[in-house]
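Participant: Sharing a structure with you now.
The values are calculated or read from the model by the stated rules, or taken from the named source; none is laboratory data. The structure displayed is predicted, hence computed values, not measured ones. Backbone-built Cβ (ideal geometry, glycine too); neighbour counts: all protein chains shown.
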(Lines give C-alpha, C1' and ligand atoms only; values in the text may rest on other atoms or scores of the structure.)
Protein backbone atom coordinates (compact mmCIF):
# COMPACT_ATOMS: atom_id res chain seq x y z
CA UNK A 1 0.00 0.00 0.00
CA UNK A 2 1.19 3.51 -0.87
CA UNK A 3 0.28 5.79 2.02
CA UNK A 4 0.28 9.56 1.76
CA UNK A 5 0.64 11.16 5.20
CA UNK A 6 0.78 14.77 6.28
CA UNK A 7 -0.03 17.17 9.08
CA UNK A 8 -2.41 20.00 8.23
CA UNK A 9 0.09 22.41 9.77
CA UNK A 10 3.16 24.36 8.71
CA UNK A 11 4.73 24.59 12.15
CA UNK A 12 8.32 23.37 12.23
CA UNK A 13 7.61 21.81 15.63
CA UNK A 14 4.13 20.57 14.73
CA UNK A 15 2.77 18.06 17.21
CA UNK A 16 0.39 16.93 14.48
CA UNK A 17 3.35 16.14 12.23
CA UNK A 18 4.91 14.17 15.08
CA UNK A 19 1.66 12.24 15.50
CA UNK A 20 1.08 11.55 11.81
CA UNK A 21 4.70 10.49 11.27
CA UNK A 22 4.49 8.13 14.25
CA UNK A 23 1.15 6.74 13.06
CA UNK A 24 2.51 6.16 9.55
CA UNK A 25 5.51 4.31 10.99
CA UNK A 26 3.13 1.77 12.53
CA UNK A 27 2.06 0.62 9.07
CA UNK A 28 4.97 -1.69 8.38
CA UNK A 29 3.45 -3.05 5.16
CA UNK A 30 3.12 0.40 3.59
CA UNK A 31 5.35 2.61 1.51
CA UNK A 32 4.93 5.98 3.19
CA UNK A 33 5.32 9.45 1.74
CA UNK A 34 5.19 12.05 4.54
CA UNK A 35 4.59 15.48 3.04
CA UNK A 36 5.41 18.86 4.53
CA UNK A 37 2.79 21.52 3.78
CA UNK A 38 5.58 24.09 3.69
CA UNK A 39 6.48 22.59 0.30
CA UNK A 40 3.05 23.62 -1.02
CA UNK A 41 2.90 27.29 -0.05
CA UNK A 42 0.54 29.19 -2.33
CA UNK A 43 -0.81 32.73 -2.55
CA UNK A 44 -3.99 33.34 -0.61
CA UNK A 45 -6.84 31.95 -2.68
CA UNK A 46 -9.37 34.27 -4.28
CA UNK A 47 -11.21 34.18 -7.58
CA UNK A 48 -9.15 37.20 -8.63
CA UNK A 49 -5.90 35.33 -7.92
CA UNK A 50 -7.27 32.29 -9.73
CA UNK A 51 -8.07 34.42 -12.79
CA UNK A 52 -4.58 35.89 -12.65
CA UNK A 53 -2.62 32.69 -11.98
CA UNK A 54 -4.77 29.88 -13.29
CA UNK A 55 -4.16 26.53 -11.64
CA UNK A 56 -0.89 26.70 -9.63
CA UNK A 57 1.60 23.91 -10.28
CA UNK A 58 1.95 23.26 -6.53
CA UNK A 59 -1.78 22.59 -6.17
CA UNK A 60 -1.59 20.13 -9.07
CA UNK A 61 1.51 18.52 -7.56
CA UNK A 62 -0.39 17.98 -4.30
CA UNK A 63 -3.34 16.47 -6.19
CA UNK A 64 -0.90 14.23 -8.08
CA UNK A 65 0.48 12.96 -4.75
CA UNK A 66 -3.05 12.08 -3.69
CA UNK A 67 -3.73 10.37 -7.02
CA UNK A 68 -0.56 8.26 -6.70
CA UNK A 69 -1.49 7.03 -3.21
CA UNK A 70 -3.67 4.13 -2.13
CA UNK A 71 -4.68 5.73 1.18
CA UNK A 72 -4.35 9.01 3.07
CA UNK A 73 -3.44 9.74 6.69
CA UNK A 74 -3.89 13.31 7.94
CA UNK A 75 -3.44 14.87 11.36
CA UNK A 76 -5.20 18.20 11.72
CA UNK A 77 -3.90 21.14 13.70
CA UNK A 78 -6.72 23.15 15.22
CA UNK A 79 -6.51 26.92 14.95
CA UNK A 80 -9.33 28.63 16.86
CA UNK A 81 -11.58 25.60 16.39
CA UNK A 82 -10.95 25.23 12.66
CA UNK A 83 -8.36 24.33 10.00
CA UNK A 84 -4.98 25.99 9.86
CA UNK A 85 -4.92 28.77 7.27
CA UNK A 86 -2.18 27.02 5.29
CA UNK A 87 -4.15 23.78 4.95
CA UNK A 88 -7.41 25.55 4.11
CA UNK A 89 -5.69 27.64 1.47
CA UNK A 90 -4.05 24.61 -0.19
CA UNK A 91 -7.35 22.74 -0.02
CA UNK A 92 -9.19 25.66 -1.63
CA UNK A 93 -6.73 25.82 -4.53
CA UNK A 94 -6.90 22.04 -5.00
CA UNK A 95 -10.69 21.97 -4.92
CA UNK A 96 -10.82 24.40 -7.83
CA UNK A 97 -8.75 22.00 -9.93
CA UNK A 98 -10.61 18.88 -8.72
CA UNK A 99 -13.71 19.17 -6.54
CA UNK A 100 -13.10 15.59 -5.38
CA UNK A 101 -9.76 16.53 -3.80
CA UNK A 102 -9.38 13.17 -2.01
CA UNK A 103 -10.16 11.22 -5.21
CA UNK A 104 -12.02 8.34 -3.57
CA UNK A 105 -9.14 7.37 -1.31
CA UNK A 106 -9.66 5.62 2.03
CA UNK A 107 -8.56 7.90 4.85
CA UNK A 108 -7.75 7.95 8.53
CA UNK A 109 -8.02 11.37 10.08
CA UNK A 110 -6.28 12.34 13.31
CA UNK A 111 -5.92 15.45 15.41
CA UNK A 112 -4.09 16.44 18.53
CA UNK A 113 -3.49 19.50 20.66
CA UNK A 114 -2.06 20.29 24.08
CA UNK A 115 -5.63 20.71 25.34
CA UNK A 116 -8.17 18.23 26.65
CA UNK A 117 -10.24 18.14 23.44
CA UNK A 118 -7.28 17.25 21.22
CA UNK A 119 -8.45 19.20 18.21
CA UNK A 120 -11.89 17.55 18.30
CA UNK A 121 -13.61 20.54 16.63
CA UNK A 122 -11.44 20.55 13.53
CA UNK A 123 -11.52 16.75 13.37
CA UNK A 124 -15.32 16.81 13.38
CA UNK A 125 -15.33 19.36 10.56
CA UNK A 126 -12.79 17.34 8.55
CA UNK A 127 -14.52 13.98 8.93
CA UNK A 128 -17.90 15.54 8.21
CA UNK A 129 -16.82 17.26 5.02
CA UNK A 130 -14.37 14.71 3.54
CA UNK A 131 -17.06 12.58 1.82
CA UNK A 132 -18.23 15.64 -0.13
CA UNK A 133 -14.68 16.00 -1.45
CA UNK A 134 -14.15 12.37 -2.44
CA UNK A 135 -12.75 11.07 0.84
CA UNK A 136 -13.72 7.71 2.29
CA UNK A 137 -13.16 8.21 6.03
CA UNK A 138 -12.44 4.79 7.52
CA UNK A 139 -11.62 5.99 11.04
CA UNK A 140 -10.71 9.05 13.06
CA UNK A 141 -9.02 9.66 16.37
CA UNK A 142 -8.44 12.73 18.50
CA UNK A 143 -5.43 12.56 20.84
CA UNK A 144 -6.02 14.91 23.77
CA UNK A 145 -3.34 16.51 25.95
CA UNK A 146 -0.54 15.67 23.54
CA UNK A 147 2.34 16.20 25.95
CA UNK A 148 0.78 13.89 28.54
CA UNK A 149 0.02 11.13 26.03
CA UNK A 150 2.97 11.30 23.63
CA UNK A 151 6.62 10.69 24.49
CA UNK A 152 8.36 13.46 22.54
CA UNK A 153 11.82 11.94 23.06
CA UNK A 154 10.84 8.46 21.86
CA UNK A 155 8.35 9.87 19.32
CA UNK A 156 5.56 7.46 20.30
CA UNK A 157 2.28 7.32 22.14
CA UNK A 158 2.83 6.36 25.74
CA UNK A 159 -0.87 6.03 26.50
CA UNK A 160 -1.62 2.37 25.73
CA UNK A 161 -5.36 2.90 25.35
CA UNK A 162 -4.82 5.61 22.74
CA UNK A 163 -2.19 3.48 21.01
CA UNK A 164 -4.67 0.59 20.74
CA UNK A 165 -7.28 2.98 19.28
CA UNK A 166 -4.73 4.30 16.80
CA UNK A 167 -3.75 0.79 15.71
CA UNK A 168 -7.42 -0.10 15.22
CA UNK A 169 -7.95 3.04 13.15
CA UNK A 170 -4.92 2.26 10.98
CA UNK A 171 -6.07 -1.34 10.53
CA UNK A 172 -9.17 0.01 8.80
CA UNK A 173 -6.97 0.99 5.85
CA UNK A 174 -6.03 -2.64 5.11
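Participant: Would you confirm whether or not segment 90-108 contains a residue that is over 20 Å from residue 35 (Cα atoms), touching a helix residue (DSSP H, G or I) at 6+ places or on another chain (Cβ under 8 Å), assigned to a loop (DSSP other than H, G, I, E, B) and modelled with pLDDT of 95 or more?
Facilitator: The answer is yes, given that some residue of segment 90-108 is over 20 Å from residue 35 (Cα atoms), touching a helix residue (DSSP H, G or I) at 6+ places or on another chain (Cβ under 8 Å), assigned to a loop (DSSP other than H, G, I, E, B) and modelled with pLDDT of 95 or more.
Participant: I'd like the full set of residues that are farther than 19 Å from residue 171 by Cβ and either without any contact (Cβ under 8 Å) to a residue 40 or more places away in the chain or part of a loop (DSSP other than H, G, I, E, B) (or both), limited to segment 109-119.
Facilitator: 113, 114, 115, 116, 117, 118, 119
Participant: Quick one: which of 27, 4 is part of a loop (DSSP other than H, G, I, E, B), in contact with a strand residue (DSSP E or B) (Cβ under 9 Å, 6 or more places away or on another chain) and either over 18 Å from residue 108 (Cα atoms) or touching a residue at least 40 places away in the same chain (Cβ under 8 Å) (or both)? Break it down into steps so the answer makes sense when it comes.
Facilitator: On the way: 4 fails: part of a loop (DSSP other than H, G, I, E, B).
Testing whether each residue is part of a loop (DSSP other than H, G, I, E, B), in contact with a strand residue (DSSP E or B) (Cβ under 9 Å, 6 or more places away or on another chain) and either over 18 Å from residue 108 (Cα atoms) or touching a residue at least 40 places away in the same chain (Cβ under 8 Å) (or both) leaves just 27.
Participant: Which residue out of 64, 36 is farther than 24 Å from residue 165 by Cα, exposed (fewer than 15 other Cβ atoms within 10 Å of the Cβ) and without any contact (Cβ under 8 Å) to a residue 12 or more places away in the chain? Don't jump to the end; show me each part of the working.
Facilitator: On the way: 36 fails: without any contact (Cβ under 8 Å) to a residue 12 or more places away in the chain.
Checking each option against the conditions leaves just 64.
Participant: Restricting attention to segment 126-174, which residues are at pLDDT 95 or above and assigned to a loop (DSSP other than H, G, I, E, B)? Lay out the reasoning, then the answer.
Facilitator: First, pick out the residues of segment 126-174 that are at pLDDT 95 or above: 126-173.
Answer for segment 126-174, where residues must be at pLDDT 95 or above and assigned to a loop (DSSP other than H, G, I, E, B): 134, 135, 144, 145, 152, 153, 154, 155, 158, 159, 172, 173.
Participant: Looking at this structure, is residue 66 touching a strand residue (DSSP E or B) at 6+ places or on another chain (Cβ under 8 Å), under 17 Å from residue 35 (Cβ atoms) and in a strand (DSSP E or B)?
Facilitator: On the way: touching a strand residue (DSSP E or B) at 6+ places or on another chain (Cβ under 8 Å): yes; under 17 Å from residue 35 (Cβ atoms): yes; in a strand (DSSP E or B): no.
Answer is no for this residue.
Participant: Going through segment 90-118 one residue at a time, which ones are within 30 Å of residue 48 (Cα to Cα) and in contact with a strand residue (DSSP E or B) (Cβ under 7 Å, 6 or more places away or on another chain)? Explain how you work it out, then say what you get.
Facilitator: Restricting attention to segment 90-118, the residues satisfying the condition of being within 30 Å of residue 48 (Cα to Cα) are 90-104.
Within segment 90-118, 102, 104 meet the criteria.
Participant: Return the pairs, sorted by first residue and then second, in which the second residue is in a helix (DSSP H, G or I), the first residue lies in segment 10-23 and is surrounded by fewer than 18 Cβ atoms within 10 Å (Cβ to Cβ), the beta carbons are less than 9 Å apart, and the residues are 6+ apart or on different chains.
Facilitator: Close Cβ pairs (under 9 Å, with a partner that is in a helix (DSSP H, G or I)) amount to 11/17; 12/38.
Participant: Within segment 106-115, identify whether any single residue is exposed (fewer than 15 other Cβ atoms within 10 Å of the Cβ) and either under 14 Å from the mean Cα position of the chain (by Cα) or over 17 Å from residue 73 (Cβ atoms) (or both), and answer yes or no. If you could, list the steps in order and put the result at the bottom.
Facilitator: Step one: of segment 106-115, the residues exposed (fewer than 15 other Cβ atoms within 10 Å of the Cβ) are 114-115.
So of that shortlist, the ones also either under 14 Å from the mean Cα position of the chain (by Cα) or over 17 Å from residue 73 (Cβ atoms) (or both) come out as 114-115.
So far as segment 106-115 goes, yes, one or more of its residues are exposed (fewer than 15 other Cβ atoms within 10 Å of the Cβ) and either under 14 Å from the mean Cα position of the chain (by Cα) or over 17 Å from residue 73 (Cβ atoms) (or both).
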